[in-house]
Amino acid sequence: MLRITEIKLPLITSAEAGHSDAEIRTALIKKLAINAADIVSFSIFKRGVDARKSHAILFVYSLDVVVNGEAKLLAKLVKDPHVKPTPDTQYQFVATATPPSQPSPSKGEGAKFAQSLPSHSQGESQGGGLTHRPVIVGFGPAGIFAALILAQAGFKPIVLERGKAVRERTKDTFNFWRKSELSPESNVQFGEGGAGTFSDGKLWSQIKDPKHYGRKVLQEFVAAGAPPEIMYVSHPHIGTFRLVGMVEAMRKTIESLGGEIRFGCRVDDIEIEQNQVQAVILNSGERIATKHLVLAVGHSARDTFEMIHRNNIYIEAKPFSIGFRIEHPQSLIDKARYGNSYSEDLLSKLGSAEYKLVHHASNGRSVYSFCMCPGGTVVAAASEAGRVVTNGMSQYSRNERNANAGIVVGITPEVDYPDNPLAGMQLQRDLESTAYVLGGSNYAAPAQLIGDFLANKPSTQFGEVLPSYTPGVHLSNLNTALPEFAISAIREAIPAFAKQIKGYDLADGLLTGVETRTSAPIRIKRNDDTLESINTKGLYPCGEGAGYAGGILSAGVDGIRVAEMVSLNLSKV
Ligand SMILES: Cc1cc2nc3c(=O)[nH]c(=O)nc-3n(C[C@H](O)[C@H](O)[C@H](O)COP(=O)(O)OP(=O)(O)OC[C@H]3O[C@@H](n4cnc5c(N)ncnc54)[C@H](O)[C@@H]3O)c2cc1C
C-alpha cells in the first residue's frame with residue numbers, strides 16, 4: 001500500500017463533509033499519472049484544513065492507496081517525497097499472559113495472597129496467576145486503556161474506581177448542575193470515564209508518538225462507537241453524549257476479557273514493604289493484594305495525592321495554569337476566523353471555528369487559550385465542597401450560541417510556591433474557595449463582563465452574551481479572584497488577542513472563574529525505562545494525575561505505555 005501526502009483539494013465541493021470518493025479518485029489519478037482501473041482501493045489517512053488564505057480554503061489529504069503494479073509505480077516516483085510505502089501502524093502486544101500453564105506463585109506468598117484476596121476473586125487462576133493480578137486505580141482514559149491492553153493481553157486486571165458507573169454518575173452530575181447538590185464522589189471529575197466524560201471530547205495531542213499508540217486509542221474509540229472520521233480529521237472531537245456510551249462499551253469489552261471493574265471503591269492507602277507495593281486498602285477497609293499497581297487517578301484526586309505523599313512515594317510539584325473561562329458569541333469567532341469566506345455553507349462543511357492563542361505578557365508570564373470549546377457551554381467542574389471551578393464542554397454538533405475557552409496563565413513551582421510538593425494543590429484549593437465566596441457561596445460561579453474586567457469595576461448586568469454556566473453565575477469583580485500577576489497578564493492578553501481575533505475584547509463578552517484544573521499540580525516521578533515510581537517498585541504512576549498526560553488522547557496513550565510495562569513484568573513472573 002502507498003501513502004500519498006499533500007493532496008490538496010479546494011473546498012468547492014458538493015459533498016457535505018469533505019470530498020466525494022469520485023473527487024478524491026480523480027485527484028489520485030492525476031497525482032500518480034495512472035489509469036483509473038489501476039486504483040484498487042483507497043482510504044483517507046489524514047485530512048487537514050489549510051485556511052491560511054481565507055478566500056481559497058483547501059482540504060489537505062494523506063491517502064493510503066492500493067494500486068496495481070505498486071513496486072513499478074514506487075520506482076517511477078522514487079524522488080517524490082509525497083509518495084511512500086504506507087508504514088505499519090498496527091498495534092502489537094509486547095507480552096501476553098500464558099494461561100493456564102502460568103507458573104504458580106511461590107508457596108508462602110501464594111497462600112498469603114490467596115487469603116487476602118476478596119471473595120469475588122477467589123479461584124482466579126488465569127491472567128498472570130493469582131498473586132500477580134494487576135490492579136488499576138481510576139477508570140478515566142489512562143485507566144481505561146491500561147485495563148483494556150492488559151485485558152486484551154490476557155492479564156485480567158482489577159479496576160478500582162471511586163466514582164459510580166457512567167449512567168448514575170451522569171444523574172449526579174446533572175443534579176449538581178441543576179440543583180447545586182454536589183456529590184463529592186460522583187461528579188465531573190470522578191466516576192466511570194474520568195474527567196473527560198462530560199467534555200468536548202477533543203482528541204488531539206502534541207505528544208511524540210513513534211509507536212502510533214494514538215491510533216490504537218482512536219481505533220478502540222471507533223470500535224466503542226465514536227464517529228469513524230476521528231481516525232483521519234486533523235482536530236477530531238466526539239462530544240459528550242457519545243462519550244457516555246463509548247465508556248460503557250469499553251467497560252463491557254474489558255469485562256468480557258476477564259477484567260473486573262469495581263465502582264464505589266476508593267483506594268485510601270497503599271501497603272508498601274521494602275519499597276515494593278504489596279496491597280491497596282479501600283474506603284470500605286477491604287485489602288486487595290497486588291504487586292502491580294497502576295495509579296491513574298487524574299488531576300483532581302487531592303486526597304489521594306496526600307495519601308501518596310504520606311506513604312513517602314516520591315512526588316514533586318509541577319507547573320500548571322490558572323485563569324478564567326471566556327465566552328464570546330460563536331458567530332464572532334466564526335466571522336473572525338473564516339474572514340471573507342464566511343458563509344453558512346462553509347460553516348456546514350468546516351464546523352464552528354476554533355482558536356488557539358498565546359501572549360507573552362510584560363511581567364514574564366505566558367497567557368494562553370486552553371481547551372477551547374466551539375459552540376459549547378462552560379461547565380461547573382467542582383469535586384470538593386465549598387469550592388468552584390470551571391471547565392468547558394460541547395456536544396458533537398457544537399451548535400450552542402457561545403464559544404468558550406480557558407484563558408489561563410502559566411505558573412511554576414520554583415517561582416510561585418514554596419518548597420512543598422503539595423503547595424500547588426493548596427493554591428488551587430484556595431483559589432477555588434475564593435471563587436465560591438465571590439459567587440455567593442451556593443456553587444454559582446463569579447462572572448464579569450470583559451469590558452468591566454478591563455476597567456476593574458464590578459459588573460451589574462449582562463449584555464449581549466449570556467452565561468452558559470449552570471447552576472448560574474453571580475456578577476462580581478474577578479480582579480480579586482487570582483493573584484495580581486495573573487490578573488495583570490490576562491488584562492494585557494485580552495486586547496492583544498483582539499488583534500488576532502477581531503472582537504475578542506468585546507465589552508459584553510463574559511469571564512467566569514476560576515479555571516484551576518488545567519493539569520495536575522504534582523508529578524509522581526517515575527523511572528523512564530520501567531515507568532515505575534522512582535522509589536516504589538510495582539507502582540506505575542499513569543496519566544494526567546501522575547503528571548504524564550494532558551488530555552484524553554495523551555492519557556490513553558500513557559495507559560497503553562504503562563500497560564505494556566506491566567505486561568512485560570507479569571510475563572516474567
Ligand atoms: C469538563 C472537562 C472537559 C475536558 N475536555 C477535554 C477535551 O475536550 N479533550 C481532552 O483531551 N481533554 C479534556 N479534558 C481533560 C481530560 O478529561 C483529562 O486530561 C483526562 O481525563 C485525564 O485522564 P486520566 O485517566 O489521567 O484521569 P481522569 O480522567 O481524571 O480519571 C481518573 C479517575 O480516577 C478516579 N480516582 C481518583 N482517585 C481515586 C482513588 N483514590 N481510588 C479510586 N479511583 C480514583 C477518578 O474518579 C477518575 O475517574 C477535560 C476535562 C474536563 C473536566
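The values are calculated or read from the model by the stated rules, or taken from the named source; none is laboratory data. Since the structure is predicted, the reported quantities are computational estimates derived from the model, not experimental observations. With ideal geometry, Cβ positions are generated from the backbone for all residues, glycine too; neighbour counts draw on all protein chains shown. Please note that ligands, DNA and RNA were not included when accessible areas were found on the heavy atoms of the full protein model with its side chains. Shrake-Rupley method; radii C 1.70, N 1.55, O 1.52, S 1.80 Å.
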Point to revise | Point-to-point label distance, ASN363-ALA455, nm (Cα→Cβ direction, 7 Å offset) | key: 2.2
Check your understanding: In nm, to one decimal, how far is the GLU273 label point from the HIS235 one, both placed 7 Å along Cα→Cβ?
Key -> 5.4
Practice item. Work out, step by step, the length gained on full extension between GLU344 and LYS499: first 0.36 nm times the residue separation, then minus their alpha carbon distance; give nm to one decimal. Key: 53.3 nm
Practice item. Kindly count the pairs of lysines across region 320-515 whose alpha carbons are less than 17 Å apart, treating pairs on different chains or eight or more residues apart as eligible. Key: 6
Review point. Averaged per residue, what accessible area in Å² does region 320-515 show with a 1.4 Å probe, protein chains only?
Key: 38
Review point. In whole Å, how far is the Cα centre of region 299-355 from that of region 423-442?
Key: 20
Exercise for review: Answer rounded, prolate or oblate for region 358-410, using the Cα gyration tensor with square roots of eigenvalues a ≥ b ≥ c: rounded when a/c is under 1.5, else prolate when a/b is larger than b/c, else oblate.
Suggested key: oblate
Point to revise | Surface per residue (accessible, 1.4 Å probe) for region 2-85, Å² | key: 57
Check your understanding: So which lysines can LYS76 reach, going by Cα to Cα under 19 Å and dropping same-chain residues fewer than 8 places off?
Key -> LYS30, LYS31, LYS84
Review point. Within the accessible area of region 2-85, what % is carbon and sulfur when the probe is 1.4 Å and the other protein chains stay in place?
Key: 59
**Study point:** Nitroxide proxy distance, nm - points 7 Å out along Cα→Cβ at THR5 and GLU464
**Key:** 4.2
Point to revise | J(HN,Hα) series, region 380-387, from Karplus relation 6.51 cos²θ - 1.76 cosθ + 1.60, nearest Hz, glycine and proline x | key: 7, 10, 6, 10, 10, 5, x, 9
Point to revise | All aspartates and glutamates inside 20 Å of LYS72 as judged from Cα atoms, apart from same-chain residues fewer than 8 positions distant | key: ASP38, ASP64, ASP80
Point to revise | Burial ranking of peptide ranges 380-392, 478-490, 80-92 (average Cβ count within 10 Å, highest at the top) | key: 380-392, 478-490, 80-92
**Study point:** Total formal charge among the other residues, if their Cβ is under 14 angstrom from that of SER41, Lys/Arg +1 and Asp/Glu -1
**Key:** -2
Exercise for review: Tally the DSSP beta bridges in the chain and give the antiparallel ones as a percent, rounded to 5.
Suggested key: 75
**Study point:** Ranked by how many other beta carbons lie within 10 Å on average, peptides 268-278, 249-259, 181-191 from highest
**Key:** 181-191, 249-259, 268-278
Practice item. Return the lysines within reach of LYS216: Cα separation strictly under 20 angstrom, same-chain partners fewer than 8 residues apart disregarded; answer none if there are no such residues. Key: LYS46, LYS156, LYS202, LYS208, LYS252
**Study point:** Net lengthening on full extension, ASP430/ARG215 (0.36 nm per residue, minus Cα-Cα)
**Key:** 73.5 nm
